[in-house]
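Scroll down for the structure; my scribbles are underneath it.
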Amino acid sequence: MTDVADIRNFALIGHSHDGKTSLAEALLHAAGATHEIGRVDDGTSHLDTLPEEKEGHNRHTISSSVFGFEHDGRRLTLVDTPGDPNFQGDGQIALRGLDGGVLVLSAAGGAKVGTDRMSRLAREAGAVCLAFVNGMDREHADFDAAVESLRKLGLNPVPLTLPVGSGDDFRGIVDLLDRKEVPADLQETADRAHQQLIESAAECDDTLLEKYLEEGEISEEEALAGLVKGVHGGQLLPVLCGAATAEIGIPSLLRAIERLLPSPADRGAWSAAPLEGDGEIELSPEPDAPFSALVLKTAIDRYSGTLSLLRVVSGTLRADGSVLDATTGERVRMGKLLRPRGAEHEELGEALPGQIVAVAKLKDVRTGHALTAEKGGARLPELPIPEGVLSYAISAKSKGDEDKVHASLGRLVEEDPTLRLTREASTGEFLLTGMGELHIRTTAHKLKRMFDVEVELKTPKVPYRETVTRKVENVEGKLKKQTGGKGMFGVCYLTVEPMERGSGFEFVDEIVGGAIPRALIPAVEKGVLETIEAGGPLAGYPVVDVRVRCIDGKHHSVDSNEMAFKLAGSFGFKAALEAARPTLLEPIMNIEVTAPDEAVGDVMGDLSSRRGRVQSSEARGNATVIQATVPMAEILEYQSVLTSITGGQGAFHMEFAHYDEAPAQVREKVVAEAAKERTVEAS
Ligand SMILES: Nc1nc2c(ncn2[C@@H]2O[C@H](COP(=O)(O)OP(=O)(O)O)[C@@H](O)[C@H]2O)c(=O)[nH]1
Ligand SMILES: [Mg+2]
């Protein structure tokens with residue numbers, strides 16, 4: 001039986017197209033887990049198996065793939081993650097449940113924005129990393145430059161292997177830990193690099209360093225122990241090199257993963273909350289501890305329905321038992337436990353702490369949820385789900401397909417928690433929010449492929465708001481209909497004034513002496529609220545940030561009723577809004593743009609042409625991170641803009657910040673558009 005100490009769970013992370021999937025294939029082949037090496041270029045990858053990943057010219061990973069395999073008595077699970085920010089959410093969540101990562105970068109080009117982004121996410125997730133400089137057989141491959149580019153990211157790289165030749169002349173690698181087969185002309189360089197490695201290792205441990213300084217050397221075993229300590233502590237980033245597609249340098253990487261990356265036992269106990277009461281419980285990776293697990297991923301599988309990928313944190317998970325979803329409090333029946341192998345699976349009887357397993361058809365269990373034993377369990381903190389940055393209005397292409405679209409989208413949202421479907425009340429549109437334009441478009445493509453429904457995507461309407469800019473006092477709202485039949489009578493006097501941005505709406509009852517009967521005052525408020533929802537006087541957007549004071553009124557002992565005062569409230573409020581100089585508010589977004597240094601000037605220039613205000617900019621490796629605020633209306637299709645400015649090297653994150661008064665020309669345009677729409681509707 002495998003020991004927890006022999007388990008390794010790791011992700012391949014890095015910038016798009018630097019060779020993560022190819023490297024994963026090479027590792028699986030080197031470990032004997034696959035008979036033939038899979039290749040992304042001819043669609044034979046064991047990891048990129050979705051049609052969206054295999055079709056078209058622009059092949060790339062859109063969803064993380066998991067592959068469990070054995071090698072040298074160890075049980076390894078590899079997760080190949082997407083590098084594109086559109087699909088990174090998937091890998092970002094899974095990273096939390098893994099213990100290590102291999103940061104893949106290209107020998108031609110070195111570290112890029114995505115290298116930096118993913119290495120930060122790995123650190124945040126507590127995953128320890130090695131780096132692999134891939135593509136040493138490429139033109140312009142430069143190992144030393146690639147190592148330096150990692151140092152520029154604030155990492156502390158130390159070579160563990162050296163390339164023999166590069167580009168067309170790339171012949172192999174020298175492993176500095178065993179230094180077998182060193183070509184004569186590389187002997188000196190290899191000795192120096194070995195010395196540097198030993199020194200770096202010694203520096204990670206005070207006793208080792210002392211010994212090294214006194215005796216001038218330490219044993220290989222001691223060096224390895226120092227290295228392990230430095231890597232696990234995040235002080236050192238060992239760097240290996242090779243070529244994934246040519247299968248060079250792979251056995252050394254496999255060995256480094258096994259020797260240097262932490263096992264779930266090294267990671268130790270996880271803190272959790274007791275199911276009842278306060279305090280903290282430590283869940284240790286022991287087979288007989290209370291069971292707990294995290295859901296790293298949910299996938300819709302053609303054969304098994306929904307598949308949930310679990311990381312067992314503590315205790316033992318058995319097939320066909322039942323557990324508690326600590327996030328929802330619901331009991332969950334376990335089905336068969338499966339060991340994921342790309343698109344295929346192998347059945348397991350039980351899963352040990354640290355193991356990653358797939359389970360089919362777990363009811364209502366979602367990505368990020370914490371599972372635990374029904375008795376004596378504890379609740380692990382849920383996995384944080386990254387927030388979407390971009391929304392599109394989505395609708396069925398053919399009328400009558402709406403229900404089908406919603407049901408199918410519901411399934412996809414289940415699978416991909418970084419997607420969100422909401423309805424914007426003020427515009428009536430359904431908005432699909434995701435990590436980027438490509439993410440949303442790929443979702444539309446999946447809807448067609450998996451559920452055979454076609455949708456239309458539109459840039460969403462901007463949710464403008466309206467407000468007032470000055471105080472108006474004592475505005476009359478009157479309903480008087482007392483001729484024939486049952487009479488209606490109600491009068492209110494309203495004072496309307498602007499409130500601070502973001503404060504919403506306030507209704508103050510200042511009626512004294514029964515000018516409006518107590519029981520009928522809520523009717524006035526109701527009339528005001530209905531007007532707010534129906535929209536303001538400019539363009540029909542909801543009215544915000546106003547205080548309405550009901551200061552006086554008149555009533556009739558027979559003809560006054562709820563309806564009369566509701567209408568009086570509505571009439572009075574409408575009149576007051578017109579008089580209080582209404583204005584338009586537009587949503588302002590906070591945006592963080594990461595751009596390669598050479599494109600920073602263009603990115604800034606473009607932001608200011610979009611009425612953006614740059615708040616700060618900060619160097620981060622070879623890139624600059626710009627913080628700015630920009631009106632939402634100007635930045636709806638920023639993805640393609642940034643891609644063209646930065647040649648695909650830029651990334652951004654955007655979230656709603658606040659509403660601000662729109663400048664006059666924007667207001668006039670929006671008002672004119674609303675007027676046009678009203679005439680179209682009326683005709
Ligand atoms: N010459 C060369 N090409 C490689 C190497 N590794 C990957 N590639 C190619 O680079 C492209 C992107 O590889 P892929 O594995 O999909 O990258 P990913 O986006 O990081 O997963 C593919 O066309 C691969 O064939 C390598 O070591 N040498
Ligand atoms: Mg890939």
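The values are calculated or read from the model by the stated rules, or taken from the named source; none is laboratory data. Values in this document were obtained by computation on a predicted structure and should not be read as measured data. Every residue, glycine as well, gets a Cβ built from its backbone with ideal geometry; the counts of neighbours run over all protein chains shown. Just the protein is used for accessible areas: all its heavy atoms, side chains included, with ligands, DNA and RNA removed. Shrake-Rupley method; radii C 1.70, N 1.55, O 1.52, S 1.80 Å.
A few remarks follow.
- Values of log10 I(q)/I(0) for the stretch 627-683 across q = 0.12, 0.14, 0.15, 0.19 Å⁻¹ run -0.48, -0.60, -0.66, -0.84, by the Debye formula with one identical scatterer at each alpha carbon and no solvent.
- Carbon + sulfur, % of accessible area of the chain - ligands and nucleic acids excluded, 1.4 Å: 47
- The orientation-averaged shadow of the Cα convex hull for the chain, equal to a quarter of the hull surface, comes to 38.6 nm².
- Long pairs among Lys152/Lys229; Lys446/Lys669; Lys480/Lys574; Lys20/Lys397; Lys20/Lys458; Lys229/Lys336, criterion Cα-Cα beyond 26 Å: Lys446/Lys669; Lys20/Lys397; Lys20/Lys458; Lys229/Lys336
- For the chain, the longest principal axis of the alpha carbon atoms and the long axis of helix 187-202 meet at an angle near 60°.
- Normalised by 2.2 N^0.38 Å, with N the number of residues, the alpha-carbon radius of gyration of the stretch 467-543 equals 1.26.
- Angle in degrees between helix 143-152 and the longest Cα principal axis of the chain, rounded to the nearest 10: 40
- Simple point charges give the picture: +1 on the Cβ of Lys and Arg, -1 on the Cβ of Asp and Glu, and for the stretch 551-683 a dipole about the Cα centre of about 400 debye.
- Computed from label points 7 Å out along Cα-Cβ, the spacing between Gln187 and His658 is 7.0 nm.
- Dipole check for the chain: with +1 at the C-beta of Lys and Arg, -1 at the C-beta of Asp and Glu, and the Cα centre as origin, the magnitude is about 3520 Debye.
- Low-density loop cleavage sites - trypsin sites (Lys or Arg not before Pro) in the stretch 134-203, where at most 10 other Cβ are within 10 Å (DSSP): Lys180
- Gain upon complete extension [Thr427, Ser398; 0.36 nm per residue less C-alpha separation]: 8.4 nm
- Label separation (Lys676 vs Lys448): 2.9 nm, computed from points 7 Å beyond Cα along the C-beta direction.
- Translational diffusion of the stretch 116-189, µm² s⁻¹ [Kirkwood Rh, Cα pairs; Stokes-Einstein; 20 °C; 1.002 mPa s]: 155
- Here the label points at Lys180 and Thr483, each 7 Å from Cα along the C-beta direction, are separated by 10.8 nm in the simple model.
- For the stretch 495-552, trypsin sites (Lys or Arg not before Pro) are listed when DSSP marks them as loop and at most 15 other Cβ atoms sit within 10 Å of their Cβ; the list is Arg501.
- Heavy-atom accessible area, probed at 1.4 angstrom with all protein chains present, ranks His140, His194, His232 as His140, His232, His194, highest first.
- Against the chain, whose longest principal axis comes from its Cα atoms, helix 402-415 is set at around 40 degrees.
- Sites Asp168 and Gln196 - FRET efficiency at Förster radius 30 Å, r taken between beta-carbons, to 0.05: 0.60
- Looking at the stretch 572-627, none of the GluC sites (Glu not before Pro) sits in a DSSP loop with at most 12 other Cβ atoms within 10 Å of its own Cβ.
- The heavy atoms of Cys129 present about 20 square angstrom of accessible area, all protein chains included, probe 1.4 Å.
- Accessible surface area normalised per residue over the chain is 44 Å², counting heavy atoms of protein chains with a 1.4 Å rolling probe.
- Here's the picture: a label point sits 7 Å out from the Cα of Ser640 along the beta-carbon direction, and within the stretch 433-468 the residues with their amide nitrogen under 15 Å of it are 436-442, 457-460.
- Taking the average, over residues, of other Cβ atoms within 10 Å as the packing measure, peptides 234-245, 441-452 rank 234-245, 441-452 from highest down.
- By accessible area with a 1.4 Å probe, ligands and nucleic acids excluded, highest first: order of Arg379, Arg465, Arg8: Arg379, Arg465, Arg8
- Whole-number D in µm²/s for the stretch 567-657 (Stokes-Einstein; Kirkwood sum over Cα pairs; 37 °C, 0.692 mPa s): 221
- Percent of Cα pairs exceeding the 22 Å cut-off, where the set is the stretch 63-163: 34
- In the context of the full protein assembly, Leu275 retains an accessible surface of approximately 80 Å², using a probe radius of 1.4 Å and ignoring ligands and nucleic acids.
- Normalised by 2.2 N^0.38 Å, where N is the number of residues, the alpha-carbon radius of gyration of the stretch 496-625 equals 1.68.
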